[in-house]
Amino acid sequence: MTKFATISAAGKLADTPAEQMVDALPKLDARTITRVDLAEAVYRCVGLSRKESGALVQMVLNELSDALAQGETVKLSSFGSFVVRSKSERVGRNPKTGIEVPITQRRVLVFKPSSVLKGRVNGQTVTEDDA
């Protein structure tokens, strides 16, 4: 794999592919990162064409969603885990009328951030070794 040296937002040399990818994402102020933004970051860091970068991002998202649809847990090191949890049937209440309403059994998706991600969100530098 070709390695590109970039300077991270923190001013240090971004030497891992993940750091390079994060640095390639547009700096956003309360904006949502889309799959187009991810594909653009792949395009800039890896050197694939824009079409290939978009296809790569789509393939990764398809793999993640397929695994989750089958009830598997998806763990991404230094990022977090996506877990499918089953909720049993229960009785809820309509907030406007106060009438009891049955809530059917369903599966929900839960994201558990890693300690590394939590630290980054809070402006701390946390490595995998610290976690």
With the first residue restricted to region 102-127 and required to be in the same structural domain as VAL91 (by TED's automatic domain parsing), and the second required to be hydroxyl-bearing (Ser, Thr, Tyr) and outside any helix (DSSP H, G or I), Cβ contacts under 6 Å at 6 or more apart or on different chains are GLN105/SER88; ARG107/SER86; LYS112/SER81; SER114/SER78; VAL116/SER78
Regarding GLU89, is this residue at pLDDT 95 or above and either over 22 Å from PRO113 (Cα atoms) or surrounded by 14 or more Cβ atoms within 10 Å (Cβ to Cβ) (or both)?
yes
Counting only residues that are in a helix (DSSP H, G or I) and more than 19 Å from the chain's Cα centre (by Cα), region 47-63 contains a total of 3
- Test: residue in region 66-74 that is closer than 20 Å to VAL121 by Cα and either modelled with pLDDT under 95 or not assigned by TED's automatic domain parsing to the domain that holds VAL121 (or both): no
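Can you pull out the residues in region 64-82 that are free of Cβ contacts under 8 Å to residues at least 40 places away in the same chain and either more than 13 Å from the chain's Cα centre (by Cα) or more than 18 Å from VAL110 (Cα to Cα) (or both)?
Scanning region 64-82 gives ASP66, ALA67, ALA69, GLN70, GLY71, GLU72, THR73.
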- Message: Whether any residue in region 94-110 is under 29 Å from VAL60 (Cα atoms) and in contact with a Phe, Trp or Tyr (Cβ under 9 Å, 6 or more places away or on another chain) is what I want to check.
- Response: yes
Filtering region 92-115 down to residues that are part of a strand (DSSP E or B) and of a type in the set (Val, Ile, Thr) yields VAL101, ILE103, VAL108, VAL110
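The values are calculated or read from the model by the stated rules, or taken from the named source; none is laboratory data. What you are looking at is a predicted structure, and each value in this text was computed from that prediction instead of being measured. Heads up, the Cβs are rebuilt from the backbone with ideal geometry, glycines too, and the neighbour counts pull from every protein chain shown.
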